[in-house]
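Undergrad: Once you've had a glance at the structure underneath, I'll fire off some questions.
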Amino acid sequence: MNLLELKRVTADAECFHDVQPPYSFGKSEFLGNAVTCTLANGVEYKDWILDQGIMPFWAYCLQFQLLITYNGPAFDYPLWGGSMLGPEHHNARKFFEKSFKGRTVDLLQDFRDTLGKKVRLADVAVPTLGDAKEMDGGYAPQHWRAGRCFEVIEYCRGDVRRTDKLFEIAASGGPLKVQLKDGETREFTCSPKLR
């Protein structure tokens with residue numbers, strides 16, 4: 001199956017709360033959605049603001065055959081589920097995983113399977129695309145709460161654009177590059193998988 005022929009949407013979320021105690025990456029359903037950005041078929045951006053945007057976002061994504069993410073199942077899916085159902089709801093962590101089972105491509109997992117280690121989006125986007133992030137994502141919640149929402153939306157859209165471009169390269173069998181911790185750059189190929 002050629003994944004590039006399928007109707008796809010690429011998505012990323014920025015959380016409302018800082019990822020520090022009492023909040024954590026492992027419990028992202030409690031972090032709240034500041035903004036989720038999508039890019040449909042590499043062309044159309046949409047922004048889904050705060051928790052109220054998650055139900056329409058979910059309905060929108062169901063129109064697509066593929067949902068492309070970078071760490072979506074481990075971070076974004078629980079965040080979205082917690083924003084839609086309430087973080088304490090027993091199905092919040094699994095809701096998006098069940099909704100998009102067999103239709104998710106998660107590049108973080110694909111790159112980890114290929115390289116044998118977890119790599120950040122920037123570690124692949126910069127050497128492959130020459131496309132650096134607009135800000136340190138750890139500060140996105142603070143910027144959002146301080147009213148610099150447009151900057152956070154642009155940052156989130158940037159991550160969506162980078163993820164989508166890396167998906168296109170990987171799905172076409174093209175070469176990717178990763179910057180390793182020792183400074184070495186390594187070339188690799190990766191076949192995205194449906195999860």
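Undergrad: For segment 1-30, how many residues meet the condition of being within 18 Å of Arg145 (Cα to Cα) and in contact (Cβ under 8 Å) with a residue 60 or more places away in the chain?
TA: 7
Undergrad: Conditions first: (1) surrounded by fewer than 18 Cβ atoms within 10 Å (Cβ to Cβ); (2) assigned to a loop (DSSP other than H, G, I, E, B); (3) touching a helix residue (DSSP H, G or I) at 6+ places or on another chain (Cβ under 6 Å). Pro192 passes all but one, so which condition is the exception?
TA: Only one criterion in (1) surrounded by fewer than 18 Cβ atoms within 10 Å (Cβ to Cβ); (2) assigned to a loop (DSSP other than H, G, I, E, B); (3) touching a helix residue (DSSP H, G or I) at 6+ places or on another chain (Cβ under 6 Å) is unmet by Pro192, namely (1).
Undergrad: Here's another thing I want to ask about it. Could you list all residues from segment 63-97 that are at negative phi, polar (S, T, N, Q) and buried (at least 17 other Cβ atoms within 10 Å of the Cβ)?
TA: Within segment 63-97, the subset at negative phi is 63-70, 72-85, 87-97.
If we keep only those that are polar (S, T, N, Q) too, we end up with 63, 65, 69, 83, 91.
Answer for segment 63-97, where residues must be at negative phi, polar (S, T, N, Q) and buried (at least 17 other Cβ atoms within 10 Å of the Cβ): Thr69, Ser83.
Undergrad: Can you tell me how many residues in segment 170-181 are of a type outside the set (S, T, N, Q) and either surrounded by fewer than 19 Cβ atoms within 10 Å (Cβ to Cβ) or within 17 Å of Cys37 (Cα to Cα) (or both)?
TA: Looking only at that region, the number is 6.
Undergrad: Looking at segment 1-111, what strands (runs of 3 or more DSSP E) fall wholly within it and have at least 1 residues that are in contact with a Gly (Cβ under 6 Å, 6 or more places away or on another chain) and over 15 Å from Arg157 (Cα atoms)?
TA: Details: elements: 8-15, 33-40, 44-49, 66-69, 104-106.
Passing ranges, in order: 104-106.
Undergrad: Let me ask you something else. Could you pull out the residue among Thr163, Thr104 that is closer than 15 Å to Cys37 by Cβ, touching a strand residue (DSSP E or B) at 6+ places or on another chain (Cβ under 8 Å), surrounded by 18 or more Cβ atoms within 10 Å (Cβ to Cβ) and not hydrophobic (A, V, I, L, M, F, W, C)? Before you say what the answer is, go through the steps one by one.
TA: Values: Thr104 fails: closer than 15 Å to Cys37 by Cβ.
One residue alone meets the criteria, Thr163.
Undergrad: Quick one: count up the residues across segment 3-27 that are of a type in the set (S, T, N, Q) and modelled with pLDDT under 95. Before the answer, list the steps.
TA: Restricting attention to segment 3-27, the residues satisfying the condition of being of a type in the set (S, T, N, Q) are 10, 20, 24.
In the following step, the residues that additionally are modelled with pLDDT under 95 were identified as 20, 24.
Number satisfying all stated conditions: 2.
Undergrad: For Val119, indicate whether it is of a type in the set (A, V, I, L, M, F, W, C), under 17 Å from Tyr70 (Cβ atoms) and under 17 Å from the mean Cα position of the chain (by Cα).
TA: Values: of a type in the set (A, V, I, L, M, F, W, C): yes; under 17 Å from Tyr70 (Cβ atoms): yes; under 17 Å from the mean Cα position of the chain (by Cα): yes.
Yes: the conditions hold for Val119.
Undergrad: Tally up the residues in segment 98-139 that are more than 20 Å from Val178 (Cβ to Cβ) and at pLDDT 95 or above, please. Break it down into steps so the answer makes sense when it comes.
TA: Applying the first criterion (more than 20 Å from Val178 (Cβ to Cβ)) to segment 98-139 yields 98-104, 134-135, 138-139.
Now restrict to residues that are at pLDDT 95 or above: 98-104.
Within segment 98-139, residues that are more than 20 Å from Val178 (Cβ to Cβ) and at pLDDT 95 or above number 7.
Undergrad: Looking only at segment 158-189, which residues are assigned to a loop (DSSP other than H, G, I, E, B) and aliphatic (A, V, I, L, M)?
TA: Leu180
Undergrad: Which of the residues spanning segment 132-157 are of a type in the set (Gly, Ala, Ser), assigned to a helix (DSSP H, G or I) and surrounded by fewer than 19 Cβ atoms within 10 Å (Cβ to Cβ)? Working first, answer last.
TA: If we filter segment 132-157 for residues that are of a type in the set (Gly, Ala, Ser), which is where we start, we get 132, 137-138, 140, 146-147.
Applying the additional criterion that residues be assigned to a helix (DSSP H, G or I) yields 137-138, 140.
Gly138, the sole residue that qualifies.
Undergrad: Let me ask another. Could you list, ordered by first residue, the pairs with Cβ atoms under 9 Å in which the first is in segment 87-105 and without any contact (Cβ under 8 Å) to a residue 12 or more places away in the chain and the second is aromatic (Phe, Trp, Tyr), at least 6 apart or interchain?
TA: Glu88/Phe30; His89/Phe95
The values are calculated or read from the model by the stated rules, or taken from the named source; none is laboratory data. Predicted, not measured: the structure shown is a model, and the values here were computed from it. A quick note on method: Cβ atoms are made from the backbone with ideal geometry, for glycine too, and the neighbour counts reach across all protein chains shown.
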